[in-house]
1. Of the residues Val301, Val367, Val379, only one is assigned to a strand (DSSP E or B), in contact with a helix residue (DSSP H, G or I) (Cβ under 8 Å, 6 or more places away or on another chain) and β-branched (Val, Ile, Thr); which?
2. If you go through region 259-278, how many residues are crowded, with 18+ Cβ neighbours inside 10 Å and modelled with pLDDT of 90 or more?
3. Take Val403 and tell me if it is surrounded by 15 or more Cβ atoms within 10 Å (Cβ to Cβ) and either of a type in the set (Asp, Glu) or closer than 24 Å to Ser57 by Cβ (or both).
4. Determine whether Glu323 is of a type in the set (D, E, K, R), surrounded by 15 or more Cβ atoms within 10 Å (Cβ to Cβ) and in a helix (DSSP H, G or I).
5. Please specify each residue of region 23-69 satisfying the condition of being closer than 22 Å to Asp166 by Cβ, assigned to a helix (DSSP H, G or I) and among the β-branched types (Val, Ile, Thr).
6. Would a scan of region 24-31 turn up a residue that is farther than 26 Å from Leu185 by Cβ and either at pLDDT below 90 or within 18 Å of the chain's Cα centre (by Cα) (or both)?
7. Would you mind telling me which numbered condition in (1) small (Gly, Ala, Ser); (2) under 30 Å from Val44 (Cα atoms); (3) in a helix (DSSP H, G or I); (4) without any contact (Cβ under 8 Å) to a residue 12 or more places away in the chain Ala357 fails?
8. Leu356 - would you say it is within 18 Å of Leu31 (Cα to Cα) and either surrounded by 15 or more Cβ atoms within 10 Å (Cβ to Cβ) or in contact with a Cys (Cβ under 9 Å, 6 or more places away or on another chain) (or both)?
Amino acid sequence: MSAAEETPAASARPARGARTAADRLAPSMDLAALIGDPDTRIVVCCGSGGVGKTTTSAALALAAAEAGRRVVVLTIDPARRLAQSLGLVELDNEPRPVDVPGAAGELHAMMLDMKRTFDDIVVAHSTPERAEQILANPFYQTLSSSFAGTQEYMAMEKLGQLRAGDRWDLIVVDTPPSRSALDFLDAPNRMSRFLDGTMIRLLIAPSRAGFRFASAGFLFFSRIISKVLGGQLLRDISAFVTALDTMFGGFRERATATYELLRRPGTWFVVVATPEPDALREASYFVDRLSAEGMPLAGLVLNRTHPPASTALSATRAEAAAEAIGDDGEPAGALAAGALRVHAERMTLAAREQRLADRFTSAHPEVGMRTVPAAAGDVHDLDGLRVMAEALTGPDGDTPTGVPRTRVLPARRA
């Protein structure tokens, strides 16, 4: 937004009937109806790291369980505070029941263990002898625990397993914290491309009867690669891909099936961001990608906003009033002046957050939005999750100031 746009005296009045970016209202997002709909089977919370995806996922799952659904929330965040907030000592790779007093439904929670998930895939899709050979291979141990994209791919594998079991009314997925919000969508195809790549094909070729003629070329190739990677690593890779050869088709098939699962009716993506330029930029990229891929977007959760206690007094008037009474020397006057300055700071912060939200809405006018006020501290118990769930699913206008939950401040009048 230019300086002229931010300074009313320097900007021209819009034509009658025209709407500025700040006046454009984002559509509302009814998350209560979405998670309560029996046809909604998967909700994927995504966005950049550090925006509150994990807490948002848990709060939505809790709200769905209290609405009567049988829910499992799959989180990727290893922080113990989520387990503690759900009343559990720890989370692992299997769903654990969460005690939610008075809930009409059920809530289970789990935390992805990507290596264990990969191990389970190997065991399920190969003979016991071949599985033992793969699991003991040093290259596999590295691939299954630290290869770029493995965490995202295994999250999708686990999602596919949960959905195939048909045990759950609703699966809520907290996507991995990635440097790029696009990694989650790319992961299945990236893993498939890796396992079907040229180098992998060359490493497998000498072990196949139809490729015996390639052995001489492979020896020359392996000598070169050995100088770069080291002979032992190359032997480990070759042994790994030879043992894994029979599983290649399964990886590709599951990658394709999982990707299509995300596009089916009953799956919804919820993009989570904070009112910061970088987080909203990532959210914008994700919205564009979801649109390009034809995937269902529910809307944007703008998390950790700072709405003021009242919107009746502007920051400018609050500052002026503080100046007017701040020098009278009376304790009551000093206290009132301090309160006015705090309100002015809060209004200024809220105005900044609203401008950022308006910019996003200007770029994506079709995307629904729900603002969620920042909590006073970390969410560390079910009561804290319920407060966030109410902000996510409560009636649009049911706020202390009456400002719709799509906004931080009221819309300016034309």
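1. On the way: Val367 fails: assigned to a strand (DSSP E or B); Val379 fails: assigned to a strand (DSSP E or B).
Matching residue, one of Val301, Val367, Val379: Val301.
2. So the count comes out to 9.
3. No; evaluated as a whole, the condition is false for this residue.
4. So Glu323 fails the test.
5. Once the filter is applied, which keeps residues that are closer than 22 Å to Asp166 by Cβ, assigned to a helix (DSSP H, G or I) and among the β-branched types (Val, Ile, Thr), region 23-69 yields only Ile35.
6. yes
7. If we test Ala357 against (1) small (Gly, Ala, Ser); (2) under 30 Å from Val44 (Cα atoms); (3) in a helix (DSSP H, G or I); (4) without any contact (Cβ under 8 Å) to a residue 12 or more places away in the chain, just (4) comes out false.
8. Answer is no for this residue.
The values are calculated or read from the model by the stated rules, or taken from the named source; none is laboratory data. Keep in mind it's a predicted model, so treat the numbers as computed, not measured. Note: ideal-geometry Cβ built from the backbone for every residue, glycine included; neighbour counts use all protein chains shown.
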